[in-house]
Every structure is written in C-alpha cells, then in structure tokens.
1. Could you list, in sequence order, the residues of region 99-133 that are in a loop (DSSP other than H, G, I, E, B) and among the charged types (D, E, K, R)?
2. State whether the residues of region 13-21 include one that is touching a residue at least 40 places away in the same chain (Cβ under 8 Å), out of contact with any Phe, Trp or Tyr (no Cβ under 7 Å at 6 or more places or on another chain), closer than 19 Å to VAL123 by Cα and open to solvent by less than 40 Å² (accessible area, probe 1.4 Å).
3. Which of the residues spanning region 86-98 are of a type in the set (A, V, I, L, M) and either in a loop (DSSP other than H, G, I, E, B) or open to solvent by 50 Å² or more (accessible area, probe 1.4 Å) (or both)?
4. Only residues that are open to solvent by less than 40 Å² (accessible area, probe 1.4 Å) and either closer than 22 Å to VAL94 by Cβ or outside any loop (DSSP other than H, G, I, E, B) (or both): list them for region 28-38, please.
5. Any residue in region 24-41 that is of a type in the set (Phe, Trp, Tyr) sitting within a Cβ distance under 6 Å of a residue that is outside any strand (DSSP E or B)? List the pairs, counting only those 6 or more apart or interchain.
6. For LYS6, indicate whether it is more than 14 Å from ASP125 (Cβ to Cβ) and either open to solvent by less than 60 Å² (accessible area, probe 1.4 Å) or touching a residue at least 24 places away in the same chain (Cβ under 8 Å) (or both).
7. Please determine whether any residue of region 46-57 is of a type in the set (Ser, Thr, Tyr) and without any contact (Cβ under 8 Å) to a residue 24 or more places away in the chain.
8. Taking region 39-85, which residues are open to solvent by 60 Å² or more (accessible area, probe 1.4 Å), charged (D, E, K, R) and not in a loop (DSSP other than H, G, I, E, B)?
Amino acid sequence: MAALTKDRLSSFRVLKRDVRPLAASVKAIKGGLAVAKSGYYKPGVVETGAVVVGRFTETVDNTAGAAGAKSAEIEFFKDRVVFLLNNDGANPVVAADREASCYVIDDQTVSQLATGRSVAGKVYDVTSEEIGR
C-alpha cells in the first residue's frame, strides 16, 4: 500500500474479552491463566516466549485437536483497542504473529519485518476484513 493522500474510513473496537484460537493439544480451564505463543492461545506453563494475555472464562478441551481446531473465550487483563490496518505484501503479518509486534511501513500499512522500522503495536489478528466496512 501507499501512504494516505486523503481521509480514510477507519473504525476500532475495544475488547474486554474475545474468543481466541487454541494451540494444538491443550485444554483451557476456566479461570486459568491464558498465554499466547506462535499465534495460538494456551494455559500458562514454564516456557520462554509466551505472552500473558488474561484468563480463560470457559473450559475447552483441544487435547486431540490441531492448532486452531477449537477456540476459547479469554477475558483480557487490559482492554484491547483494535484497529484495522493494511498488510504488507512483501513481508506480511500472519496468524502466527498474534500478540507479537508489527512494524510501520506508512500511515496505513504494517509489516512483519522489523529492520529499520518503528513498532506499530501488537498484532491482534489477521483477517480479510476490508477497511471502512
């Protein structure tokens, strides 16, 4: 995408809780700590690189399922303010980047590539939803 040259329709959402895709082979337990790693959500365990996001509000068993086969509702520790932005075609943000940083290309486009770029924010999700709809 190119930088804006005129006003753009833009909307945002404030989320206190949402249904998020579970990691493979996990069971989310109501009231348990919810973390994200590699774009999927699971109970907190001893490991590096997981991002704590909130607590599960329901029990969902995905112990026999692949990543994303089931989802569970999470109540976030902090409200999430979500904006739709355009994705870079050369180095796109992907679902595995959920809860990771994305980086500014211009005033309406973000990328997964960090080199020489400022952090735009955290990736909440990747969707085909069109801006301004």
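The values are calculated or read from the model by the stated rules, or taken from the named source; none is laboratory data. Just so we're clear, the structure is a prediction, and the values are computed from it rather than from any experiment. A quick note on method: Cβ atoms are made from the backbone with ideal geometry, for glycine too, and the neighbour counts reach across all protein chains shown. What goes into the accessible areas is simple: the full protein's heavy atoms, side chains included, and nothing from ligands, DNA or RNA. Shrake-Rupley method; radii C 1.70, N 1.55, O 1.52, S 1.80 Å.
1. GLU99, ASP107, ARG117, ASP125, GLU129, GLU130, ARG133
2. No; the residues of region 13-21 include none that is touching a residue at least 40 places away in the same chain (Cβ under 8 Å), out of contact with any Phe, Trp or Tyr (no Cβ under 7 Å at 6 or more places or on another chain), closer than 19 Å to VAL123 by Cα and open to solvent by less than 40 Å² (accessible area, probe 1.4 Å).
3. Answer for region 86-98, where residues must be of a type in the set (A, V, I, L, M) and either in a loop (DSSP other than H, G, I, E, B) or open to solvent by 50 Å² or more (accessible area, probe 1.4 Å) (or both): ALA90, VAL93, VAL94, ALA96.
4. Taking region 28-38 first, the residues open to solvent by less than 40 Å² (accessible area, probe 1.4 Å) are 28, 32, 34-36.
Scanning region 28-38 gives ALA28, ALA34, VAL35, ALA36.
5. These pairs meet every condition: TYR40/ALA23; TYR40/ALA67.
6. Spelling it out, it is not the case that LYS6 is more than 14 Å from ASP125 (Cβ to Cβ) and either open to solvent by less than 60 Å² (accessible area, probe 1.4 Å) or touching a residue at least 24 places away in the same chain (Cβ under 8 Å) (or both).
7. Quick first cut of region 46-57, residues of a type in the set (Ser, Thr, Tyr) only: 48, 57.
Filter again for without any contact (Cβ under 8 Å) to a residue 24 or more places away in the chain, leaving 48.
Taking every residue of region 46-57 in turn, at least one turns out to be of a type in the set (Ser, Thr, Tyr) and without any contact (Cβ under 8 Å) to a residue 24 or more places away in the chain.
8. Passing the criteria: ARG55, ASP61, LYS78, ASP79.
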